[in-house]
Amino acid sequence: MSEVPEIRIGTVEREQALDALSRHFTDGRLTVTEFDERSGQIAAASTRGQLEQVFSDLPATTGPGSPATVTDDHASGVDWPGRAMAVVPLIALVLFFVTGSWLWFLAVPIAGALLYGGNRERTRRRRRRRNDTEDRN
């Protein structure tokens, strides 16, 4: 990494590192004990170099500060929930004209609840992005 390793980090960088560490854990690269130990190291880290040490033996593509650290649905190039939500009202409209029943319009809020209702991580990322944008301005 070309950045200065002793530069101080903030909460956002620690959260990004924890997200990356969680992905390594779910991918099977870490045991529960290793995950707990490294999570503690990330929480105590105050510099970028300390974060880099936590990821030194893990693949670099998902380490702290890399593009994969701040992934979301757009990182894969396709926002499936967004696309599905855009199509649901059109489908409801077509079904309304075909069947004559207005109940098809209930699919719109139901689809929204199913696609976005339980995704707290997405809400957290959106809030974090908004805070980052406000901090830059």
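Where a number appears in this text, it was derived from the coordinates with a stated rule and is not lab data. From a predicted model like this one, the values you see are computed outputs, not experimental measurements. Glycine also receives a Cβ, built like all others from the backbone with ideal geometry; neighbour counts cover every protein chain displayed.
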- Item | Interchain or long-range residues, amide H under 5 Å from T47's placed H | I9
- Provide the per-residue ³J(HN,Hα) series for segment 24-30, in order, calculated from phi with Karplus coefficients 6.51, -1.76, 1.60 and θ = phi - 60°, each as a whole number of Hz, with x at glycine and proline positions. 4, 5, 5, 7, x, 7, 10
- Message: How large is log10 of I(q)/I(0) for segment 77-136 at q = 0.16, 0.17, 0.18 Å⁻¹ when the intensity is taken from the Debye formula with one equal scatterer per alpha-carbon?
- Response: -0.63, -0.68, -0.72
- Of the peptides 7-15, 96-104, 34-42, how do they stack up when ordered by the mean number of other Cβ atoms within 10 Å, highest first? 34-42, 7-15, 96-104
